[in-house]
Amino acid sequence: TPVQIKEFGAVNKIDFSPVPPYNYAVTASSRIHIYGRYSQEPIKTFSRFRDAAYGATYRDDGQLLVAGSEDSSIRLFDVSGRAPLRQFDGHTKPVHLVGFLSDKYRIFSGGDDYSTNLWDIPSATEIISYNEHTDYVRCGCASKVNADVFITGSYDHTVKLFDARTKRSVMTIEHGHPVESVLLFPSGGLLVSAGGRYVKVWDVLKGGQLLVSLKNHHKTVTCLCLNSSGQRLLSGSLDRHVKIYSTTSYKVVHSFNYATSILSLALSPEDETIVVGMTNGVLNVKHRKPEERNEKSQKKRQPAYRTYVKGRTYMPKQEDFCVSKPVKRVLRKYDKLLKSFESSKALDAVLEPPIMLHTPEVTVAVMQELHRRGTLRSALAGRDEKQVNLLLTFVARRVIEPRFTPMLVTVADMITDIYQPVVGQSAIVDKQFLKLQEAIGKEIDYQEELLEVLGMMDTLFATFTEKRDTYLEENESNGLTETIETNRND
């Protein structure tokens with residue numbers, strides 16, 4: 001649902017700050033209001049104007065704001081202050097167009113006195129004045145590619161391209177109607193002009209060649225805007241519509257309808273908020289819902305073709321021929337490393353705590369494979385204090401398990417051989433060696449006790465065994481010899 005904010009007069013300009021939190025400046029009547037993205041009340045107001053204010057525009061760093069006025073003066077404001085930092089006087093009639101060149105130190109302006117002026121911010125002086133238009137200069141923009149290039153549009157039906165290094169305009173384009181808004185693509189190669197019912201796209205690099213002329217509005221087009229990626233062009237009109245065009249095909253892909261005629265339009269740098277200013281002083285703010293955007297980005301997996309054709313519960317019949325897809329095997333990290341013969345890294349991969357604690361058989365299996373390849377010694381060598389500590393902890397804890405003992409005894413021997421020269425240099429490693437020695441000592445004691453118990457049990461079992469005698473009886477009648485086993489007790 002859009003937010004409606006009532007201003008004191010018709011909204012002639014909306015401009016988003018290019019830096020977070022992306023506040024926007026609204027110029028209406030004799031005031032400039034700064035709104036936060038989601039605020040419905042102004043968070044700051046500049047009201048030092050005797051008459052109407054026009055065209056408040058942010059600088060690229062979001063710290064300065066420049067605005068024209070009905071009394072022909074131009075005022076420069078610091079966003080964090082209230083009083084104007086500079087005032088530029090030189091025009092003789094109202095100034096509707098103001099903007100910064102991309103070098104941030106110069107301002108260009110256009111007034112109803114038909115002149116286009118360039119100003120120096122530090123000294124607050126006029127650098128040059130161009131008097132080429134023959135009617136009101138009402139719109140313009142600066143190139144982001146070249147700090148000396150800016151464009152103006154006038155009610156004399158022309159769009160002029162100026163270079164601050166020259167004394168005359170570099171290019172003149174005939175739009176055919178009073179020009180209400182102009183726009184340069186980020187690349188600086190394409191120019192868009194709006195006037196009358198037409199939106200026209202020109203190729204600046206080809207000397208102002210007309211590429212496409214769009215006539216989708218029923219009344220005068222008053223404002224233009226590009227999205228952050230440059231893939232969508234927006235136009236607002238007195239016919240109460242905002243049209244959205246694809247910049248690849250220049251077809252209308254979407255349209256918004258508003259209550260009254262539209263004078264100004266702006267899109268936030270993240271394309272999440274669209275703000276429209278109308279002739280009745282109403283500011284219309286629409287936000288894109290974050291959850292909707294997430295749903296679009298996470299595409300749901302489509303059902304299989306068989307589900308569409310046969311249904312989810314379909315069971316194959318006896319005469320059906322089933323084609324099974326081969327299952328793709330995904331190798332574990334240590335398997336990939338073993339496959340690429342990176343022995344040391346493979347051992348590191350299985351010495352991670354989750355594997356050592358929950359699946360120690362994997363760790364031992366990798367050690368066994370490295371031993372089989374003859375690379376276990378090199379994998380164990382060259383380790384720092386922390387890694388040796390980890391190895392010894394694992395070996396001391398698991399060496400007493402019968403299924404791991406044969407392999408881990410070999411590993412313990414290798415570690416002792418490799419790191420014997422550095423014993424005594426690290427208290428942590430020495431402590432682990434002592435723990436390993438203690439664990440093996442205890443296990444040997446248990447084995448000796450078990451052998452003694454086994455010996456006792458063998459003796460006991462030997463006394464309980466029944467003695468059996470065998471003798472041979474020859475059955476001569478049939479010529480066969482039979483071996484008959486009898487108990488002595490019989």
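Only one entry of Lys93, Lys144, Lys160, Lys104 meets the criterion of being part of a loop (DSSP other than H, G, I, E, B), more than 38 Å from the chain's Cα centre (by Cα) and basic (Lys, Arg), and that entry is Lys93. Have a look at Arg86, Arg82, Arg138 and point out the one that is part of a loop (DSSP other than H, G, I, E, B), open to solvent by 50 Å² or more (accessible area, probe 1.4 Å) and charged (D, E, K, R). From the options Arg86, Arg82, Arg138, the qualifying one is Arg82.
With respect to the conditions (1) at pLDDT below 90; (2) part of a strand (DSSP E or B), Leu118 falls short on a single one, namely (1). As for the range 464-473, it holds no residue that is modelled with pLDDT of 85 or more, among the aromatic types (Phe, Trp, Tyr) and open to solvent by 80 Å² or more (accessible area, probe 1.4 Å).
Just one residue in the set Val199, Val204 is of a type in the set (Val, Ile, Thr) and buried (at least 23 other Cβ atoms within 10 Å of the Cβ); that residue is Val199.
For (1) farther than 19 Å from Leu263 by Cβ; (2) of a type in the set (Val, Ile, Thr); (3) touching a His at 6+ places or on another chain (Cβ under 6 Å), each residue gets a yes or a no:
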| residue | (1), (2), (3) |
| --- | --- |
| Ser115 | yes, no, no |
| Ser123 | yes, no, no |
| Ile127 | yes, yes, no |
| Cys141 | no, no, no |
| Asp148 | yes, no, no |
| Ile173 | yes, yes, no |
| Val182 | no, yes, no |
| Val201 | yes, yes, no |
| Leu210 | yes, no, no |
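Does Thr152 fit the bill of being open to solvent by 30 Å² or more (accessible area, probe 1.4 Å), closer than 30 Å to Lys215 by Cβ, in a strand (DSSP E or B) and not hydrophobic (A, V, I, L, M, F, W, C)? So Thr152 does not fit the description; no.
For Thr363, state whether it is of a type in the set (Ser, Thr, Tyr) and over 39 Å from the mean Cα position of the chain (by Cα). Judged against the criteria, Thr363 is not a match.
Here's the yes/no breakdown for (1) outside any strand (DSSP E or B); (2) among the small types (Gly, Ala, Ser); (3) under 16 Å from Val11 (Cα atoms); (4) open to solvent by less than 20 Å² (accessible area, probe 1.4 Å):
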| site | (1), (2), (3), (4) |
| --- | --- |
| Asn216 | yes, no, no, no |
| Gly236 | no, yes, yes, yes |
| Val242 | no, no, yes, yes |
| Ser255 | no, yes, no, no |
| Leu265 | no, no, yes, yes |
| Glu270 | yes, no, no, no |
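On the basis of being free of Cβ contacts under 8 Å to residues at least 40 places away in the same chain and on the phi > 0 side of the Ramachandran plot, does Arg240 make the cut? Against the criterion (free of Cβ contacts under 8 Å to residues at least 40 places away in the same chain and on the phi > 0 side of the Ramachandran plot), Arg240 qualifies. Residue pairs, Cβ under 7 Å, 6 or more apart or interchain, first in the range 267-287 and farther than 16 Å from Tyr38 by Cβ, second charged (D, E, K, R) and crowded, with 16+ Cβ neighbours inside 10 Å. List them. From residues that are farther than 16 Å from Tyr38 by Cβ, the pairs are Gly281/Glu7.
When residues in the range 386-417 are screened for being in a helix (DSSP H, G or I), open to solvent by 40 Å² or more (accessible area, probe 1.4 Å) and of a type in the set (A, V, I, L, M, F, W, C), 2 of them pass. When the range 367-385 is limited to residues that are part of a helix (DSSP H, G or I) and among the aliphatic types (A, V, I, L, M), the one that is surrounded by the most Cβ atoms within 10 Å (Cβ to Cβ) turns out to be Met367.
Against the numbered list (1) closer than 22 Å to Arg332 by Cα; (2) touching a residue at least 24 places away in the same chain (Cβ under 8 Å); (3) open to solvent by 80 Å² or more (accessible area, probe 1.4 Å), Leu347 comes up short only at (3).
The set of residues in the range 62-79 that are of a type in the set (Ser, Thr, Tyr) and either open to solvent by less than 10 Å² (accessible area, probe 1.4 Å) or more than 18 Å from Gly110 (Cβ to Cβ) (or both) comprises Ser69, Ser73. No other residue among Asp148, Asp112 is touching a residue at least 40 places away in the same chain (Cβ under 8 Å) and within 27 Å of Ala194 (Cβ to Cβ) apart from Asp148. Per the listing Ser109, Ser123, Ser169, the residue uniquely within 20 Å of Tyr58 (Cα to Cα), surrounded by fewer than 23 Cβ atoms within 10 Å (Cβ to Cβ) and among the hydroxyl-bearing types (Ser, Thr, Tyr) is Ser123. Considered as a group, the residues in the range 418-453 that are among the polar types (S, T, N, Q) and under 19 Å from Leu390 (Cβ atoms) include one that is surrounded by the most Cβ atoms within 10 Å (Cβ to Cβ), and that residue is Gln432.
Within the range 57-82, being small (Gly, Ala, Ser) and in contact with a Phe, Trp or Tyr (Cβ under 8 Å, 6 or more places away or on another chain) holds for Ala67, Gly68, Ser69, Ser73. Scoring Gly81 on the criteria (1) without any contact (Cβ under 8 Å) to a residue 40 or more places away in the chain; (2) within 20 Å of Ala52 (Cα to Cα) leaves a single failure, condition (2).
Consider the range 5-26 and keep the residues that are loosely packed, with under 14 Cβ neighbours inside 10 Å and more than 32 Å from the chain's Cα centre (by Cα). The one that is modelled with the highest pLDDT is Lys6.
Could you list all residues from the range 89-106 that are over 16 Å from Ala53 (Cβ atoms) and either open to solvent by less than 50 Å² (accessible area, probe 1.4 Å) or in contact with a Lys or Arg (Cβ under 9 Å, 6 or more places away or on another chain) (or both)?
Matches in the range 89-106: Gly90, Phe100, Leu101, Ser102, Asp103, Lys104, Arg106.
Between Gly140, Gly153, the distinction of being in contact with a Cys (Cβ under 9 Å, 6 or more places away or on another chain) and assigned by the TED database to the domain that holds His254 belongs to Gly153 only.
The values are calculated or read from the model by the stated rules, or taken from the named source; none is laboratory data. What you see is a predicted model, and the numbers here were worked out from it, not measured in a lab. Reconstructed Cβ throughout: ideal geometry from the backbone, glycine too, with neighbour counts over all protein chains shown. Remember, those area values only see protein heavy atoms, side chains included, never the ligands or the DNA or RNA. Shrake-Rupley method; radii C 1.70, N 1.55, O 1.52, S 1.80 Å.
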